[in-house]
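Since the structure comes first, as structure tokens, the remarks are kept for the end.
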Protein chains: 2
Amino acid sequence: MDFRLTDMTDDEIAQELSVVEPLTDSVRDLIDAVIRTEVDDDVLIAAREQIDAVVTSLRGNQKPGSYGVPFTRKLHGMPYGNAAVGKRNAIAPPLRVEHHDDGSATSEVVLGAAYEGPAGLVHGGISAMLLDQLLGEVVSVSQGVPCFTGTLTVKYLRPTPLGPLSLRAETTGSEGRKFFVHAEISDAEGPTVTAEGIMISPANMPRHEELKRLRAELAASAE
Amino acid sequence: MDFRLTDMTDDEIAQELSVVEPLTDSVRDLIDAVIRTEVDDDVLIAAREQIDAVVTSLRGNQKPGSYGVPFTRKLHGMPYGNAAVGKRNAIAPPLRVEHHDDGSATSEVVLGAAYEGPAGLVHGGISAMLLDQLLGEVVSVSQGVPCFTGTLTVKYLRPTPLGPLSLRAETTGSEGRKFFVHAEISDAEGPTVTAEGIMISPANMPRHEELKRLRAELAASAE
């Protein structure tokens, strides 16, 4: 894990997100429009020129590599480039995960044309991706340890329709640095896909308890 | 499966792709640029306005739902909206799959900032998505049967770096309408992720042999 701290204050981060998130939403809209458009070639060609001009303007100043996962000065992760939850990543729906007091995590998401596999259905690999993200987050938050996926087993019970879906995950057990996790995707009729994960917390990574302690120290020193 | 035939001739399809594919590539470039940009707010705000204008122009005429998988008049599938391989879908890298005489399938792909999970690494869910696609295609082409994923088991051997990667899949066995498949992702140092799939060929779907026969009839009737 990358413990690079951002140079920005919390206010600067909030200000940046207030501009970048709507831009990312517009790119999500554009992805959908390109898939579904039936306009004439001259409109498509003009669209490409306009997009290339926007890309040039955005690349006037940019990070050299991927976004990474920098940390705020209060030591909260900023996974804004993440393929499943990234606030700057138009590939991400993005999944917005809610964590509950009983240790479970849930998310409501609407998947459109960009997430299609078989006609009218969610791509099986997209279901796997969203479940993998949720499995990682539920261990990370409920157990207080960052982790990587060791093994992910996904069972497809029936086709998952594009449209509104609910996701749910919970930790079912642990064994040393291994955590066992269950998650599922449901449509209005019930579960369509289930996943079992074995998540591994690497030995050399700081635990959330340590981050909490550091955050408290930071808050105290700022007083 | 959707056996809707497209209204377009093969020449019209080729012409459309020659314009839509570069547009989709430009949107892929835009996704990357939005993740990595560090330009000022006024440039971001202008970028959003320009993108929204492009979206409006593209939505002047569009399919009502998702792209689906229409078929050409020669009965070849057009999965152009597919999340992993879709030529119109900027979420897809896109994976370009090569099928070999020994029944295996391979793909070379370069994954950039948009496919990140942990800092500098491919999102585990993205690896699962690409492997799921390859597993489906290798059964479909080498066994001549369309199929859905029943169970997908993904093992993460070590982190997968962003950058150039190789994928490979092969069918390892079958039992009635079930096919067992193995696939893996490798970087320059060797495999990073492996997957085992149990793929199910639904009873009510036409086999490729039937499509081949229909294609031959079509060709004969056109002479």
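The values are calculated or read from the model by the stated rules, or taken from the named source; none is laboratory data. Just so it is clear, the model here is predicted, and its values are computed rather than measured. Neighbour counts run over all protein chains shown; Cβ positions are idealised from the backbone, glycine included.
See the values below:
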item: The one condition in (1) touching a residue at least 40 places away in the same chain (Cβ under 8 Å); (2) surrounded by 20 or more Cβ atoms within 10 Å (Cβ to Cβ) that B:Lys74 fails to fulfil; result: (2)
item: Close pairs (6 angstrom Cβ cut-off, 6 or more residues apart or separate chains): at the interface with chain B (Cβ under 7 Å from one of its Cβ atoms) in region A:46-71, modelled with pLDDT under 95 and outside any loop (DSSP other than H, G, I, E, B) anywhere; result: A:Val69/A:Gly77
item: Residue among B:Thr24, B:Thr9 that is within 18 Å of the chain's Cα centre (by Cα) and not basic (Lys, Arg); result: B:Thr24
item: Segments classed as strands (runs of 3 or more DSSP E), wholly inside region A:133-192, with at least 3 members that are more than 14 Å from every other protein chain (Cβ to nearest Cβ) and surrounded by fewer than 16 Cβ atoms within 10 Å (Cβ to Cβ); result: A:163-175
item: Given (1) in contact with a Lys or Arg (Cβ under 9 Å, 6 or more places away or on another chain); (2) over 24 Å from A:Leu211 (Cβ atoms); (3) facing chain B (nearest Cβ under 7 Å), number of the condition A:Gly81 does not satisfy; result: (2)
item: Residue list for region B:124-168, restricted to those being touching a strand residue (DSSP E or B) at 6+ places or on another chain (Cβ under 6 Å) and among the hydroxyl-bearing types (Ser, Thr, Tyr); result: B:Ser127, B:Ser142, B:Thr149, B:Thr151, B:Thr153, B:Tyr156, B:Thr160, B:Ser166
item: Yes/no for A:Thr37 being hydroxyl-bearing (Ser, Thr, Tyr) and surrounded by 21 or more Cβ atoms within 10 Å (Cβ to Cβ); result: yes
item: Failed item in (1) within 7 Å of another protein chain (Cβ to nearest Cβ); (2) modelled with pLDDT of 95 or more, with B:Asp2 passing the rest; result: (2)
item: Any hit, region A:99-113, residues being at the interface with chain B (Cβ under 9 Å from one of its Cβ atoms) and not β-branched (Val, Ile, Thr); result: yes
item: Failed item in (1) out of contact with any helix residue (DSSP H, G or I) (no Cβ under 8 Å at 6 or more places or on another chain); (2) in a helix (DSSP H, G or I); (3) within 7 Å of chain B (Cβ to nearest Cβ); (4) of a type in the set (Val, Ile, Thr), with A:Ile31 passing the rest; result: (1)
item: Qualifying positions in region A:95-104 - free of Cβ contacts under 8 Å to residues at least 24 places away in the same chain and either of a type in the set (Val, Ile, Thr) or within 29 Å of B:Gly86 (Cβ to Cβ) (or both); result: A:Arg96
